[in-house]
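What follows draws every value from the coordinates through simple rules; no lab data is involved. These figures come from a predicted structure and were not determined experimentally. We place every Cβ from the backbone using ideal geometry, glycine too, and count neighbours over all the protein chains shown.
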Amino acid sequence: KVVNEKGSHTDSLLTLDWTKKFNCLMPSNTMDQKRRLRILMVSDFFYPNFGGVENHIYLLSQCLLKLGHKVVVMTHAYGNRSGVRYMTGGLKVYYIPWKPFLMQNTLPTFYGTLPIVRTILVREKISLVHGHQAFSTLCHEALMHARTMGYKVVFTDHSLYGFSDVGSIHMNKVLQFTLADVNQAICVSHTSKENTVLRSGLPPEKVFMIPNAVDTAMFTPAPEKLSRDEIIIVVISRLVYRKGADLLVEVIPEVCRLYPNVRFIVGGDGPKRVRLEEMREKHSLQDRVEMLGAVPHAQVRSVLITGHIFLNSSLTEAFCIAILEAASCGLLTVSTRVGGVPEVLPDDMIVLAEPVPSDMVQAVKKAIDILPNIDPQAMHLRLKQLYSWHDVARRTEVVYDRALTCSEENLLPRLSRYLTCGAWAGKLFCLVMIIDFLLWHLLQLWQPSEDIDAAPDCKFNLHIIC
C-alpha cells in the first residue's frame, strides 16, 4: 500500500535522495541476510474503528510483512469482535476482552493486562514491542510490561498536546513515565518531535521523525478534469472543536456571500454538526451546503473527486493525513497553519492561513484564483513520488535496529531513570515498576514460559502494493 512522507518540501526531496542512495548501497539479498523480526503493535485504536492511527498501524504492518517480518497487533475488543482474527497478508490481531471506557480507550488497570500481554509476547516469540498513540491506555500498559520482561520497545506519538490545561498536564506526566524507559521513539513531524521532547523530557537523539503516509493507489484523481463553472469546496472531518468546526460556521457563509458559484460538501459527524446545520438554516444555504454525515473511509475518495478545493480548519494537528488524501485526488488544499501541517505539502499545493475566520476567507479567495493552474494528475504523480509506505517501513526498520542494539539492563538502572521524573512522581513510578517486576516473577512461578505453547507461523500469499 502507500505511505506519506515529509517534513517540508525540501526534506522530502532529501528523503528521496537518501532512499535512492540507500537502495543502491544495499545488496539485493540484504533482506535475506537480515534476521526476521517479530513485532507486536499495540494500541487501543485499530480496525474496525477508523482514523489516522488505525490506518497507520495497518498500512505499516502490511509493508513490514512484505519485508519479511512477522507482525502481530494487540488491541481491545470492539463489540462482538473479540479473540484472534487474521487480516490481509496474514496480519494477526489479538482483540483482547477489554471493553472501551472513554473515547475508545480501555480503563487503566496498571497490572490487569500483565498476564495476557505476557502470554502474547511469549506465545508469538516477540522480539520488539511497538506502541502507538499517547492517549492509548493499552499502549502505556503494554510498554511498561514489556520493559519489565526485558523486551525492547518503540513508541510512536501521533498527536500534539498542550502544557497548561489539566488534561494535558496529566497526560504529559503519564507520557514522561512511559518514555523514561523506551529504547527509541518516533514522531510523525518535526513539530510533533519538538512537542514530544518537551513534554516527556526524552533525549532528542532517541526520537526519530518518520511521517505518516497516504495510499496513492486508492486516492486517485477523477478521470476527467472537473468544470470550474461551479467551484466545489470539500470538507471531510470529525465535527469537533479540535478540528475547527466552529471556524467553519464563520467561514462558510462569508465565502458563499463573496462567490455565488461556490458550493460546499461537508462530510463527517460529531457534536458540532448541530452548529453547522443551524448556520445553514440561518443563512438559507440549504442548496449550497450539503451535509453528508459520517463518510466511511472506503467512500472518502468518491467524495473528494467531486470537488476542486479541500478545506481543513483544524486547530491542532501533528500531521493531518486528510490533506494528503485530498492532494492525492488532485484537490488544492486550504488549511490552517497549525502544528505539523506546514511540513506536509509543497507551497504550490496548499494555501495556509491563520486559524481565524477572516484569514481563512482570504486563503479560500487565493485558492480560487490559482485554481486554473492546478493539474490534478500532475499533483497525484508528485504525491506518489514523495510519499511511499514502503519507504516509511524501511525507515522504521532502522529505528527497530537501533532499539535492538540497546544494551540489556536490569531493574536498578531503569529505576534511576524513573526517579528523575519528579520529586514525588519519580518515587511513585519506581514503586509501580517494582510491583510490576514482582508480579511478573510470580507469574513466572505460577506458569513458566516453557509451559506456554508457541503459536505456529502461518504462511500467506502477500498481495500488497508498496
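Measuring r between the beta carbons of Leu445 and Lys365 and using R0 = 51 Å, the FRET efficiency lands at 0.10. Within region 203-244, what residues put their amide N at less than 15 Å from the label point 7 Å along the Cα-to-Cβ vector of Leu315? Those under the cut-off are 238-244.
How long is the gain from Met87 to Val174 if the chain were fully straight, where each residue apart is worth 0.36 nm and the alpha carbon distance is subtracted?
Values: separation 87, 0.36 × 87 = 31.32 nm, distance 3.18 nm.
Gain on stretching Met87 to Val174: 28.1 nm.
The value given for the chain is a Kirkwood hydrodynamic radius of 23.4 Å, derived from the mean inverse Cα-Cα separation. Both numbers refer to the Cα atoms of region 148-282; Rg and Dmax are 20.9, 64 Å. Note on Met279 and Arg242: the model spin-label points, each 7 Å out from Cα along the C-beta direction, lie 2.0 nm apart.
If you take the Cα centroid of region 219-294 and the Cα centroid of region 387-466, the two points sit 45 Å apart. According to the Kirkwood relation over distinct C-alpha pairs, the hydrodynamic radius of region 284-411 is 16.9 Å. For the pair His297 and Leu438, a Förster radius of 41 Å applied to the C-beta separation gives a FRET efficiency near 0.40, rounded to the nearest 0.05.
The modelled label-to-label distance for the pair Leu428/Asn410, using points 7 Å beyond Cα in the direction of Cβ, is 2.9 nm.
Going by average Cβ density within 10 Å per residue, which order do the peptides 282-289, 264-271 take, highest to lowest?
Averaged packing, sorted descending, gives the order 264-271, 282-289.
Remark on Phe101: its backbone amide H falls under 5 Å from those of Thr106, Leu107, a criterion applied only to residues 5 or more positions apart or on other chains, H modelled at 1.01 Å from N. Between Tyr78 and Ala217, full extension at 0.36 nm per residue minus the direct alpha carbon distance yields a gain of 47.2 nm.
When only the Cβ of Lys, Arg, Asp and Glu is charged (+1, +1, -1, -1), the dipole of the chain relative to its Cα centre reaches about 840 debye. Spacing of the modelled spin labels on Leu107 and Val356, each 7 Å from Cα toward Cβ, amounts to 4.6 nm.
Protection proxy ranking for 195-206, 219-230, 179-190, using the average of other Cβ atoms within 10 Å per residue and placing the highest first: 179-190, 195-206, 219-230. Comparing Ala142, Cys421, Leu443 along the charge dipole axis of the chain, the residue lying farthest to the positive side is Leu443, per the Cβ-charge model.
Screening the chain for whole DSSP H helices of 18 Å or more along their axis (Cα) with average Kyte-Doolittle hydropathy at least -1.0 returns 9-25, 52-66, 166-179, 245-258, 357-370, 389-404, 425-446.
Taking max minus min of the alpha-carbon positions on each principal axis, region 374-428 gives extents of 59, 27, 10 Å, largest first. Could you tell me which of rounded, prolate or oblate describes region 67-206, using a ≥ b ≥ c as the square roots of the eigenvalues of the alpha-carbon gyration tensor, with rounded for a/c under 1.5 and, failing that, prolate when a/b is larger than b/c and oblate otherwise? Because a/c hits 1.5 or more and a/b exceeds b/c, region 67-206 counts as prolate. The Rg/Rh ratio of region 185-249, with Rg taken over Cα atoms and Rh as the Kirkwood radius over Cα pairs, comes to 1.16.
Is there a quick way to get the dipole size of region 301-456? I mean about its Cα centre, with the Cβ of Lys and Arg at +1 and of Asp and Glu at -1; what is the value in debye to the nearest 20? Could you put the intermediate results ahead of the total?
Values: 12 positive and 18 negative charges, 77 e Å.
Computed charge dipole of region 301-456: roughly 380 debye.
Quote to one decimal, in nm, the extra length available between Arg38 and Asp453 on full extension: 0.36 nm per residue of separation minus the C-alpha distance between them. Mind showing how you got there, number by number?
Values: separation 415, 0.36 × 415 = 149.40 nm, distance 1.63 nm.
Result: 147.8 nm gained on full extension.
Dipole of the chain computed with +1 at Lys/Arg Cβ and -1 at Asp/Glu Cβ about the Cα centre; of Pro357, Ile252, His69, farthest Cα towards the positive end is His69. For the chain, averaging the sequence separation of C-alpha pairs within contact (under 8 Å, six or more residues apart) and dividing by the residue count gives a relative contact order of 20 percent.
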